[in-house]
Every structure is written in structure tokens, then in C-alpha cells.
Amino acid sequence: MKKKKPNKLKILNDPIYGFIQIPNSLIFDIIEHPYFQRLRRITQMGFSNFVYPGANHTRFHHAIGCVHLMQKAIRVLRFKQIDISKDEEDALYIAILLHDIGHGAFSHALEHSIVNGISHEEISLKFMRKLNDEFDGKLELAIKIFEGKYSRKFLCQLISSQLDIDRLDYLKRDSFYTGVTEGNISSDRLIVMMNVKDDELVIEKKGIYSVEKFLIARRLMYWQVYLHKTGLVAENMLVNVLKRAKELTEKGENLYASTALKYFLHNPITFDNFSDKTLSMFSKLDDYDILSAIKEWTNHTDKVLAELSKMIVDRRLFKIEIQKEPIDSVKITNKKNQFAKKLSILESESYYFVFSQKIENQAYNKKSPILILNKKGKLKDIAKASDQLNLEALSKPVVKYFLCYPK
């Protein structure tokens, strides 16, 4: 009896876009791969659910949504007589599907604690090259586009630019799950207004107001959601927990941890030594490993590790002060001394509880502009084409400084 072939042209139901169709069997097979399935266990927004309880969506949701928007973009551009071959189409689907595959547990926390000197983009590239070997070279063109090395610039811009498919999905999706309506952009309208001129991805003039709304929405989402003060505190506390765990491990402590987490605690990980074994262990590390370890560490004899872990589990977060000028170093030192005595810890350990950093946001970068195509076929930077005076202001980086310490 012949074995029945599985149906790989699946349809998924998404709360943002409704029905999403898997475009081909190769995309289905990549989605089925354990590397990609891991994204179901990586939250899209880290500890933002400490602020917005609904923000529990994952990198998996986001990646699938991006493929859906890419299908729309390709249809629109082909309708406007832009030639995109079948190979280029498939490569765009693969590149956008895998653009975030290198994110670690809780998204950015690992990059600042137990994995150093290598970004999630570089890890994504390592995953893509490994998958390329497994899928007999079928990801070759996708990797070129992802790296921005393909000859047709506009295809690379669909993956990474100031108005790429990634941003069109995450703003709309994060707005939906947090309930912050200011981020609810019209991704459909923006895609319909896309065109190509001189190998540049551009927006037709009729879409200028949608671009303005997109840029303002991005700015509001950063200050209201992505850089929300409570989210900042929670993420930095998580980073400090992992740093402390790594420090104790280096001193010979045998901490409770999953096999994958133990590997990263016991080994110094940098770009230069990120081997195939490291990639394999990274593919097994997710939010569940981190949370289960932190829950267990609440009972540890080390006061710093246990106290920080309890604070995260019970959501007893640090106080945060944000200002436009750098924090006075004397104030930081005084706070460190104060809490070292209060918590009965060494002054050298107080930086786990009292720390200062800066945050920066630039809603629009004129170095790689969003170009508006007018009816005469001329291109103009959105900042100059718009009659919104605040778009010029959005192109200036806004820097703020914060100080965290226990309440």
C-alpha cells in the first residue's frame, strides 16, 4: 500500500491577518525543523508582559506573519510590472521566515549576559548556513539577500530597511497584543503603495500619510512599550541574574540548570568560538530553561543570586529614575554603599542591585531614507516630501539615562 504524502500547503489562522497560507513545501519543511519550532518557546517581547499582560506572543507568530506580508508585497510588486523570479520569491520567503531565528531566550537578554561578542543577526546567519547544508543548498540565495549582498537592492530592502516587512509585522502585532493602539499601523496600505525605482524600494506619493503614521507609531511604541521603564528594569534584572549565575559557575559552583543552559554557564561564548556544537546547544535553549532555573535559584545560598531571582519571580522590581542628563557618579556610589549595607552584601557585589545605563531611540534615520515616488517619477526623502514638521525631529536620536536600585 502506497504511503500517503503529507499535505504541506497548510493554512494557519492568525489573530492579526486571519488565514495565512504556507506558500510551498520547502517553507513548510523549514517551519517543521526543530530550529524553527524553538521560536514557539521564545517570547517576542521578553518581560514586556510585566507591563502589558497580553504580550505573550512569540517569535514564531512574528515570523509566520512576516511570510504572509511578504506574499502580499510580492503580489503588489509583480502587479506593478516589477520582475521577481520564482527563485527570488522563494528566497524572500526563506529570508524573512528566518530573519529572527538567532534570537536567544527572552530575545536580547542572552546577548548582554552569557553570550558575548556575537549578535542575534550573526547567529541567525549561522542557523541559515546550517539549514542550507541540510536542505541541499536551497537557502543559498536567501542567505545572499539576508546579508544584503544580492545584486538587486530592493529585494534586500524588503528584508532589512527602515520600512521592511519585519517592522510592518512587529509594530502591528505588538500593538495588538499589548493593547497599545498608537502602534496600529496600516501594513496593507503601506504594501499596496510599494514600488521600485532605480532598484530602490520606494513608496508612491499617495502613501505618504501612511508612512508618516508608521514613523510616528514606531516612535510611540518605542517609548511606550519597547523602552517602557518597567520593561527596562525587568530585562536588566534578568541580565544581572544570568551574569551572577555565570560568575558563580566560573568560581566552581554547580548551579541547577538544564543541559543547554549549563553549557553556556560553563563556557565563555564569543563570536570566535561559536562552533557547530555551540549552535546545537543554542538551538535547545529557550525561555523555559531560563525561567525554570531562576525559580530554582530563589533557594540558592548565594544571597545575590537568590534575591535577584525572587524579585523576578515575585515581580518585585527595582525602582527606576529616568532623566535627560547622565546620572551623577556620586549618587550612584552612595546608592551602592547604601544597599550593600542594607542587603549585607559586599560593595563589589552591589552593582547587581544598583546600576545606571543610557537608552537611545531614533525613529527615522536619514542615512538610509524612505523614498517617496512622485507622479513625475522623481524620488524624495520622506523628511523633505512630508509637510509634517516633526519628521525632521524624529530623525534626531533621543538619549535618556536611567538609574535602577531596590525600592
Item checked: Between region 114-145 and region 324-397, the Cα center-to-center distance that results, in Å -> 30
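With the cut-off at 27 Å, report for the chain the share of all Cα pairs above it, as a whole percent. Before the final figure, lay out each step's value.
On the way: 46250 of 82621 pairs.
Summing the P(r) tail past 27 Å for the chain gives 56 percent.
For the full complex of protein chains and a 1.4 angstrom probe, list W297, W223 by accessible area with the highest value first.
On the way: W297 5, W223 55 Å².
From most accessible down to least: W223, W297.
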Next item on the list: For region 34-86, build the charge dipole from Cβ charges (+1 Lys, Arg; -1 Asp, Glu) around the Cα centre, then report which of G65, V51, F79 sits farthest towards its positive end.
Entry: F79
Check: If each of S119 and N337 carries a label point 7 Å out from its Cα toward its Cβ, how far apart are those two points in nm?
Finding: 4.1
Check: Which whole-Hz couplings ³J(HN,Hα) result when phi for each residue of region 58-65 is put into the Karplus expression 6.51 cos²θ - 1.76 cosθ + 1.60, θ = phi - 60°, listed in order with x for Gly and Pro?
Finding: 10, 4, 4, 4, 4, 5, 5, x
Notebook entry, point to check: In straight Cα distance, which lysines are under 16 Å from K310, not counting same-chain residues fewer than 8 positions off?
Noted result: K243, K295, K319, K407
Check: In 5 Å bins starting at 0, how do the alpha-carbon pair distances of region 70-123 split up by percent?
Finding: 4, 17, 22, 13, 10, 11, 10, 9, 4, 1
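When the dipole is taken about the Cα centre of the chain, and only Lys, Arg (+1) and Asp, Glu (-1) are charged at their Cβ, what size is it in debye, to the nearest 20?
Values: 64 positive and 50 negative charges, 181 e Å.
Using only the charged Cβ atoms, the result is roughly 860 debye.
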Next item on the list: For K331, list the aspartates and glutamates whose Cα falls under 20 Å from its own Cα; do not include residues on the same chain fewer than 8 positions away.
Entry: E321, E347, E349
Check: Residues in region 250-276 near a label at L346, defined as backbone nitrogen under 17 Å from the 7 Å Cα→Cβ point?
Finding: 250-254
Check: Any number yet on Rg/Rh for region 280-405, C-alpha, Kirkwood?
Finding: 1.21
Checklist line | With all protein chains modelled, accessible area of Y222 [1.4 Å, Å²] | finding: 50
Check: Under 13 Å from the Cα of K130, which aspartates and glutamates turn up, not counting those fewer than eight places away in the same chain?
Finding: E122, E140, D276
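The values are calculated or read from the model by the stated rules, or taken from the named source; none is laboratory data. Quick caveat, the model's predicted, so the values are computed rather than measured. Positions of Cβ are generated from backbone atoms using ideal geometry, with glycine treated the same way; all protein chains shown enter the neighbour counts. What goes into the accessible areas is simple: the full protein's heavy atoms, side chains included, and nothing from ligands, DNA or RNA. Shrake-Rupley method; radii C 1.70, N 1.55, O 1.52, S 1.80 Å.
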